[in-house]
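K.L.:
First the structure, which I've put down as structure tokens, then a few questions once you've had a look.
The values are calculated or read from the model by the stated rules, or taken from the named source; none is laboratory data. Quantities reported herein were computed from a predicted structural model and do not represent experimental measurements. For neighbour counting, all protein chains shown are included, and Cβ atoms are generated from backbone atoms with ideal geometry for every residue, glycine included. These area figures cover heavy atoms from the full protein model, side chains too; ligands, DNA and RNA do not enter into them. Shrake-Rupley method; radii C 1.70, N 1.55, O 1.52, S 1.80 Å.
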Amino acid sequence: MSITAIKGMNDILPGDVETWQFLEQTARDVFGCYGFAEIRTPVPEKTELFCRSIGETTDIVEKEMYTFHDKSENSLTLRPEGTAPVMRSFIQNRLYNLDPVSKLFYMGPMFRYERPQKGRYRQFHQLGVEVLGVEDAKIDAQVLAMLHQYFVRIGIEAVALQINSLGCPECRPAYRESLITYLETRLDSLCPECQRRYVTNPLRVLDCKVSGCQDATVDAPAVIDHLCPACDDHFGQVKKYLQSLDVPFSVNARMVRGLDYYVRTTFELVTDQLGSQNAVAAGGRYDGLVESLGGPALPGIGFAIGLERLVLMKGDEKVAPVSPQLFIAAIGNEASDRAFVLMSQLQTAGIRAEMDYLGKSLKAQMRRANKLNAAFTLILGEDELKSGQAQLKNMADSSQSTVDLNALTEELKKKLG
Ligand code: ATP
Ligand code: MG
């Protein structure tokens, strides 16, 4: 029996990878304009990092982590998200000494042991950003404007930005208490999971996907009605700045995020095109996180985009794969050897060149040149070897011109422009 990939972990094949490259390159372009630099951290981290930052009672830490012991009995975890590793690296490398404001972005695979389904996998990819050092609501608005701009640039319009504020350690405890009191009056209508967690993590009940829990909590108290003056003011500023930048949004007072570190501004970019996997990006502020991990008391904000969900939304809109600029069809061994050297010269000069390696007939070679969508073809036979000249055919308009084989690279460069 042949070996298959691990359930919920997918190959990204040629034909699809071009879409990925487009999404990644556009991120580099857009995020670069906003002053973000890329950071790359290892895929595994010490398990403790995620327990301490994401929170012990969250779905991720309770049931979704790929945790294992290495040969030295260290508990390691394949990163389930990107923020904690970036914070760890930020602190460890003292990036805060370089500039009072750090703007970082990352992209790469994340791992969560979830039930695989459309838009939900066990290895998936996130594209994320983090800004450290700014409390001003301008940065919240800028990060959201950048997220908006990214979606404009990748051509995905069917998304809506929802924002909320989760308050801070000043105001959230009182809200939490009032929510617990409210939930106690409705315990019978909640799912077993929510009945279990309503005291340890009452906010999670509000975004439980079970419809019974949704219905039972329609009139639950909202965090934004319980904000302290400072948080209320901050949220007001975020909205004002978003309006000043023409970033469309709506307030979703029920939105809570599944990670413990969020405070104040939180947000999701949602779509109605992916069934229940409706969030394509999510994020928020995490002002106490750096300090809680042993770093300086710096505020932070960030988001992560789920790349698989973007690829699904792009659907059949494929990005064309790169095609050869020249296909050399050779007849006979001697011509094939010459084609081999010519091809190598072209490749060294930065021209995408291809030939036949399988001893196929001229007809089959031309069929392949067509299939590969080569821009030009060159036929090399005995006559061409003798004269040192060959016909260069432009496949788009079938026009032909005679080229000197010794000047092939220069000639082709001219024609390719
Ligand atoms: P969901 O509610 O769909 O489980 P989440 O709140 O767990 O999402 P985050 O931790 O905020 O997601 O991650 C940010 C983004 O990463 C999500 O909006 C989604 O696009 C993507 N994402 C999260 N988990 C997965 C997964 N298992 N497979 C594919 N994409 C995912
Ligand atoms: Mg999840």
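K.L.:
Let's test this: bin the Cα-Cα distances of the chain at 20 Å from zero up to the farthest pair and state each bin's percent.
P.N.:
22, 43, 23, 11, 1
K.L.:
Additional query: In debye to the nearest 20, how big a dipole does segment 1-131 give about its Cα centre with +1 on each Lys and Arg Cβ and -1 on each Asp and Glu Cβ?
P.N.:
160 debye
K.L.:
Put +1 on the Cβ of every Lys and Arg and -1 on every Asp and Glu Cβ in segment 119-248; which of T185, V159, H226 then has its Cα farthest towards the positive end of the dipole?
P.N.:
V159
K.L.:
Additional query: Using +1 at the Cβ of each Lys and Arg and -1 at the Cβ of each Asp and Glu in segment 346-415, identify which of Q389, L346, V403 lies farthest towards the dipole's positive end.
P.N.:
Value computed over the given set: L346.
K.L.:
Relative to the compact-globule scaling 2.2 N^0.38 Å, provide the ratio for the alpha-carbon radius of gyration of segment 284-346.
P.N.:
Scaled against compact globular proteins, the figure is 2.51.
K.L.:
At 1.4 Å probe size, with the rest of the protein present, what percent of the exposed accessible area of segment 48-118 is carbon and sulfur atoms?
P.N.:
In segment 48-118, the share of accessible area belonging to carbon and sulfur is 49 percent.
K.L.:
Rounded to the nearest 20 debye, what is the charge dipole size of the chain about its Cα centre when +1 sits on each Lys and Arg Cβ and -1 on each Asp and Glu Cβ?
P.N.:
Charge dipole, the chain, about its Cα centre: 680 debye, nearest 20.
K.L.:
Can you list, by residue number, the Cys in the chain that have no neighbouring cysteine C-beta under 4.7 Å?
P.N.:
C33, C51, C168, C191, C194, C231
K.L.:
Another question, then. Take the cross-link list K314/K413; K63/K138; K360/K386; K138/K314; K71/K103 and give me the ones stretching past 27 Å between alpha-carbons.
P.N.:
K314/K413; K63/K138; K138/K314; K71/K103
K.L.:
Which translational diffusion coefficient, to the nearest whole µm²/s, is obtained for segment 309-417 from the Stokes-Einstein equation, given a Kirkwood hydrodynamic radius over C-alpha pairs, 37 °C and 0.692 mPa s?
P.N.:
224 µm²/s
K.L.:
If you don't mind, another one. How much solvent-accessible surface does M65 expose, in Å² to the nearest 10, with a 1.4 Å probe and all protein chains in place?
P.N.:
That residue has around 30 Å² of solvent-accessible surface.
K.L.:
Okay, moving on. Starting from the residue with the highest accessible area, list I39, I224 in decreasing order, probe 1.4 Å.
P.N.:
From most exposed to least exposed: I224, I39.
K.L.:
Here is a follow-up. Could you check which residue among P324, P169, P248 shows the biggest mean-square fluctuation in a GNM of the chain with a 10 Å Cα cutoff?
P.N.:
Of P324, P169, P248, the most mobile in the Gaussian network model is P324.
K.L.:
Right, next: Would you mind working out the magnitude of the charge dipole of segment 351-417 relative to its Cα centre, with +1 at each Lys and Arg C-beta and -1 at each Asp and Glu C-beta, to the nearest 20 Debye?
P.N.:
Rounded to the nearest 20 debye, it is 360 debye.
K.L.:
Just the Kirkwood number for segment 313-358, please: inverse of mean 1/r across all distinct Cα pairs, in Å, one decimal.
P.N.:
12.2 Å
K.L.:
Using only the alpha carbons of segment 88-215, what is the convex hull's orientation-averaged projected area in square nanometres?
P.N.:
The directionally averaged projection comes out at 11.4 nm².
K.L.:
Under a straight-distance cross-link criterion of Cα-Cα below 13 Å, which aspartates and glutamates are reachable from K7, leaving out those fewer than 8 residues away in the same chain?
P.N.:
E114
K.L.:
While we're on this one: Which semi-axis lengths, in whole Å and largest first, follow from the square roots of five times the eigenvalues of the Cα gyration tensor of segment 123-167?
P.N.:
They are 21, 14, 12 Å, listed from largest to smallest.
K.L.:
Can you work out D for segment 245-359 in µm² s⁻¹ from Stokes-Einstein, where Rh is the Kirkwood radius over C-alpha pairs, the temperature is 25 °C and the viscosity is 0.890 mPa s?
P.N.:
It diffuses with D of about 125 µm²/s by this estimate.
K.L.:
Okay, next question. Looking at segment 165-286, I'd like the Rg to Rh ratio, where Rg is from alpha-carbon atoms and Rh is Kirkwood's inverse mean 1/r.
P.N.:
Rg/Rh: 0.97.
K.L.:
Pull out the extension gain between S276 and A396, defined as 0.36 nm times the separation in residues minus the alpha carbon to alpha carbon distance; nm, one decimal.
P.N.:
Working it through step by step, the gained length comes to 38.7 nm.
K.L.:
So what's segment 203-244 giving for Cα Rg divided by 2.2 N^0.38 Å, two decimals?
P.N.:
1.54
K.L.:
Cα atoms only, segment 74-150: Rg and Dmax in Å?
P.N.:
Using the Cα atoms of segment 74-150, the pair Rg, Dmax is 15.1, 43 Å.
K.L.:
Mind checking the log10 I(q)/I(0) for segment 31-87 at q = 0.22, 0.29 Å⁻¹? Debye, one equal scatterer per Cα, no solvent, two decimals.
P.N.:
Result of the Debye calculation: -0.83, -1.20.
K.L.:
Ok, one more. Quick check for you: with a 1.4 Å probe and neighbouring chains kept, what is the accessible area per residue of the chain, in Å²?
P.N.:
49 Å²
K.L.:
Which three extents, in angstrom, do the Cα atoms of segment 1-75 have along their principal axes, listed largest first?
P.N.:
Here the Cα extents, ordered largest to smallest, are 46, 40, 26 Å.
K.L.:
Let me have the 222 nm mean residue ellipticity of the chain computed from DSSP H runs of 4+ only, each contributing -39500 (n - 2.57), with the sum over all residues rounded to the nearest 500.
P.N.:
Taken over the chain, the calculation gives -10500 deg cm²/dmol.
K.L.:
Right, next: Sorted from largest down, what three extents in whole angstroms do the Cα atoms of segment 70-118 have along their principal axes?
P.N.:
If we take the Cα atoms of segment 70-118, the spans are 41, 36, 12 Å.
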